[in-house]
């Protein structure tokens, strides 16, 4: 079995993305690691080069600003990276610059890829998500954070990155048929110093909106308010080992005040049903789960 990893990178130092940790967490699972580096305002390429591994293959790209609306440029770059993987690859493991795989899941993931390798009716493998928020000690559990997404896809070039690269679909727009993996992707995109978070969100919105729109958003011109999310819970488990140094360097205090959060009556009812009955209502599913 041959597995290719792939990701995209641009301005990762400027916006403090943990891409080194993301790549390191994936290396034990892949035979090659494709990193497509976009033209940056910082030393992104040199930073990637500092990861000493013969598996890493760096390529270059210039992002197409005409695809700015809707975040489509992210999908375009992801598709470019996917096209660069080894033709003999059975699976392609996609990871974003703010995601990590915990080493405790390595064997489970390997076993799943081996188990479904020859079953061509399966287009990809689905992961659970843990979204850290504000601090490495808390996770966001509100409905605005997706619970699952596809991160391993078959080496089939009819599979394309979807919308802003959150997930994947077939070229004709149909959803992928996937199997669930009993493993989580750890998402750290919402863990930064409040000012760094404002910079990161502003940079992200540049792939969605005009400069005038961004300048008129009050939240994008002040220190980020972490009380904007509905539900945050304490995290009591371990982090991937590759993240430990970064976690120790945390230099801000995370304050979350539940009294400032406004939850609609509709969502209160939905959260109650999910908690006590274990049933998810109207959950967004960008896939077809095979049982």
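Each value in this text was obtained by applying a stated rule to the coordinates, not by laboratory testing. Not measured: the values here are computed from a predicted model. Positions of Cβ are backbone-derived with ideal geometry, glycine not excepted, and every protein chain shown enters the neighbour counts.
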Task: Share of pairwise Cα separations in the chain, more than 29 Å, in percent - done: 35
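Using Cβ counts within 10 Å as a stand-in for footprinting exposure, how do 163, 120, 20 rank, fewest first?
With the fewest neighbours first, 163, 120, 20 line up as 120, 163, 20.
State the antiparallel share, in %, of DSSP beta bridges confined to the chain, rounding to the nearest 5.
On the way: 21 of 47 bridges.
Within the chain, antiparallel bridges account for around 45 percent of the total.
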Task: Helix-only CD estimate at 222 nm, as mean residue ellipticity for the chain, using -39500 (n - 2.57) per DSSP H run (n ≥ 4) - done: -7000 deg cm²/dmol
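Tell me, what is the percent relative contact order of segment 22-171, built from C-alpha pairs under 8 Å that lie six or more residues apart?
Values: 180 pairs, mean separation 39.5, N = 150.
Once normalised by length, the contact order is 26 percent.
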Open item on the list: Highest mean first, how do 128-141, 48-61 rank when packing is the count of other Cβ atoms within 10 Å averaged over residues?
Closed with: 128-141, 48-61
- [ ] Starting from the Cα gyration tensor of segment 104-192, take the square roots of the eigenvalues, sort them a ≥ b ≥ c, and report rounded, prolate or oblate (rounded when a/c is under 1.5, otherwise prolate if a/b is larger than b/c, else oblate).
- [x] oblate
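Sort 169, 231 so the one with the fewest other Cβ atoms within 10 Å of its own Cβ comes first.
Details: 169 20, 231 17.
Neighbour counts put them in this order, fewest first: 231, 169.
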Open item on the list: Relative contact order of the chain, please, whole-number percent, based on alpha carbon pairs below 8 angstrom and at least 6 residues apart.
Closed with: 21
Open item on the list: Given Cα positions, please report Rg to Rh for segment 34-112, the hydrodynamic radius being the Kirkwood one.
Closed with: 0.99
- [ ] Just subtract the alpha-carbon distance of residue 284 and residue 256 from 0.36 nm times their residue separation and send over the number in nm, one decimal.
- [x] 7.4 nm
Task: Per-pair calculated FRET efficiency, R0 = 25 Å: residue 225 and residue 137 via Cβ, rounded to 0.05 - done: 0.85
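Counting other beta carbons within 10 Å of each Cβ, put 46, 246, 151 in order, fewest first.
Numbers: 46 10, 246 17, 151 24.
Fewest to most other Cβ atoms nearby, the residues stand as 46, 246, 151.
Where a ≥ b ≥ c are the square roots of the eigenvalues of the C-alpha gyration tensor, would you call segment 1-156 rounded, which needs a/c under 1.5, or, failing that, prolate if a/b is larger than b/c, or oblate? Write down the numbers at each step before the final one.
On the way: a/c = 1.40, a/b = 1.15, b/c = 1.22.
Note, shape of segment 1-156 comes out rounded.
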